[in-house]
Amino acid sequence: MRVAALSDFLLQRIDRSCGKPVNRQLYQVIREAILTHVMPVGLQLPSSRDLARELSIARNTVTYAYEQLMAEGYLETRAGAGTFVADTVPDQIPEVAASNSLRPMQAGSLGLSERGAQLVKHAGAYKFQWGAFMPGVPDVTAFPNKVWSRLQNKYWRRSRSELLTYGHGGGHAPLREAIAEYLRVARSVNCSAEQVIVTSGIHQSIDLASKLLADVGDRAWVEDPCYWGTRNVLTSLNLKPVPIAVDAEGISPRNSDLRHPPRFIFVTPSHQYPLGQVMSLSRRRMLLEYADMHNVWIMEDDYDSEFRYASRPLASLQGMDTHDRVLYFGSFSKTLFPGLRVGFVVVPLALADAFATGLSDLYRCGQLFTQAVLADFMVEGHFASHIRRMRVLYAERQQLLREAISRNFGDALAISGDDAGLHLALLLPERCDDAAVCRQAQEQGIIVRPLSGYYMKPSRAKPGLILGYACVPSEMVGPTFDRLAGIIRRHL
Ligand SMILES: Cc1ncc(COP(=O)(O)O)c(C=O)c1O
């Protein structure tokens, strides 16, 4: 890693506004990078003077971090040669969460259950959740903090104790009302507030719906490729995800698949994840008819449909359903910020009470205070105007990324998907090792996910890179992709 690459890597992870001393942050980021082998054994670090200059911080700050890391054995000095990553780093990283790589785990050695071991082995969540080109993360720096804090203060001043205790039922009533109103208008979802169950995000919605509607061993069709989270939540509940191929029209079951109706069909009709296509009307009709005929539940994951740049957002699949077979999953993770942890599932009216009860009993939910603030945020129009602003910003960033791709590769590499969402899928030639590209990119401080990792069936896996652009400052999109292009070229 060169000085410039290392300083980029560090700059992306040091937050001067978070109140934590920079010397401590620097120490922690370097320690983490050593433990996760992003900074390999033997790597020479720049002198404290050079690094301080690159990061525009005091030399003392770097010296403090280096000395602490030396004292703990992570770094060593070699007389006359400089500072290096020491080779005494333990192979076993204490916290599982510290690893980005899918580190194999022995179920027995840790006492994990079979499914626990599977979950850890196939974990998809990255340690880094911010920076070029982290997929699925919006620009949280553009969130209107002042408006939010004004609304929040209003509730603190009133000291509403009922908002500070456990929640009961499907969430804070005014928020359920606001979400239902928004979904009816913006997404053509057919629903009343009663049908909206407020959760802590799509992950929890999938967990809840699976526990209430399926039994151990039931099969769930998932798109292949699909979002790793869906797959992992299902397997952790001992359900069986069945990978179904995807074509230009969306999920594409063969006759042999159709002969064995599953319990659930998980789909992303507005913006297939991660390839980006929109499910065709005829495929939507086919799925709805099939679901009705075989009593299958369709789980519509509508995670980022607000962001369409060349056309209006598309109507939901739920809005076309006349037999109450669709559950609609939504989230504020992409529209506002993922750390908010608020999402919702819209269920058929007949299931609303059962879902509200299940939610309260399983998760002992709360967050009513946050939900009250969010309700006001929506009712006062801040939600709609934030989406409008973000749409302009993300459209610009997507365009910058497309330009950078074509500047570097012309038409040689195809982009999958249309003008929508927070990421693009850049397809690589067959036999290109996309995971190796991602590993090298990460060493340079660039986060990218390999497309092949989203497939369940190895014979279908296509190499490619999932590039999130929404959280990358516009002026960084082109230059960072240019650096990534250098790595890609070495693998073509
Ligand atoms: C397709 C898809 N569904 C669901 C989620 C997760 O949503 P939430 O943050 O609400 O759990 C993501 C996050 O990236 C996603 O890409």
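The Cβ shell under 15 Å around G366 holds other residues with a net charge of +1, Lys and Arg each +1, Asp and Glu each -1. Computed over the Cα atoms of region 383-492, pair by distinct pair, the Kirkwood hydrodynamic radius stands at 14.5 angstrom.
Here the label points at A248 and R388, each 7 Å from Cα along the C-beta direction, are separated by 3.6 nm in the simple model.
Expressed as a whole percent, the proportion of Cα-Cα pairs in region 160-380 lying more than 24 Å apart is 39%. Computed over every Cα-Cα pair of region 3-94 and binned at 5 Å starting from 0, the pair-distance distribution P(r) comes out as 3, 14, 26, 29, 18, 8, 2, 0 percent. Shown in residue order for region 459-475 are the 3J(HN,Hα) couplings computed by the Karplus curve 6.51 cos²θ - 1.76 cosθ + 1.60 at θ = phi - 60°: 5, 8, 4, 10, x, x, 10, 9, 10, x, 10, 5, 9, 9, x, 3, 6 Hz (x for Gly and Pro). Once you reduce region 109-157 and region 422-492 to the center of their Cα atoms, the two points are 21 Å from each other. Give the residue from F337, N238, V41 lying farthest towards the positive end of the charge dipole for the chain; charges sit on Cβ (+1 for Lys and Arg, -1 for Asp and Glu) and the dipole is referred to the Cα centre. Farthest towards the positive end: V41. Spacing of the modelled spin labels on E475 and V140, each 7 Å from Cα toward Cβ, amounts to 2.3 nm. Sequence-ordered 3J(HN,Hα) estimates for region 48-59 from the Karplus curve with 6.51, -1.76 and 1.60 and θ = phi - 60° stand at 4, 5, 4, 5, 4, 5, 4, 8, 6, 10, 5, 4 Hz, glycine and proline given as x. Evaluated over the Cα positions of the chain, the convex hull gives a direction-averaged projected area, one quarter of its surface, of 24.8 nm². What the phi angles of region 397-405 give under the Karplus curve with 6.51, -1.76 and 1.60, with θ = phi - 60°, is a coupling list of 5, 5, 4, 4, 5, 4, 4, 5, 5 Hz, glycine and proline written as x.
Overall, the chain carries a charge dipole of about 700 debye about its Cα centre when +1 sits on the Cβ of Lys and Arg and -1 on the Cβ of Asp and Glu, all other atoms neutral. The stretch between D257 and R431, if pulled fully straight at 0.36 nm per residue, gains 59.8 nm over its current Cα-Cα span.
Taking a sphere under 9 Å around the Cβ of F264 and counting the other residues whose Cβ falls inside, with K and R at +1 and D and E at -1, yields a net charge of +1. Peptides 280-290, 228-238 ranked from most to least packed give 228-238, 280-290, packing being the mean of other C-beta atoms within 10 angstrom over each peptide's residues. Each peptide in 324-336, 239-251 gets a packing score, the mean of other Cβ atoms within 10 Å over its residues, and the list from highest to lowest is 324-336, 239-251. A crude spin-label estimate for the pair E162 and R219, with each label 7 Å from Cα along the Cβ direction, gives 4.8 nm. In the distance distribution for region 103-256, Cα-Cα pairs more than 25 Å apart total 55 percent.
Relative protection proxy for 194-200, 257-263, from highest mean packing down: 194-200, 257-263 (other beta-carbon atoms within 10 angstrom). Taking all protein chains into account, the per residue accessible area for region 160-380 stands at 38 Å² (1.4 Å probe).
The values are calculated or read from the model by the stated rules, or taken from the named source; none is laboratory data. Being a predicted model, the structure only gives us computed values, none of them experimental. Cβ: placed from backbone, ideal geometry, glycine included. Neighbour counts: every protein chain shown. Only protein heavy atoms, including side chains, enter the accessible area calculation; ligands, DNA and RNA are left aside. Shrake-Rupley method; radii C 1.70, N 1.55, O 1.52, S 1.80 Å.
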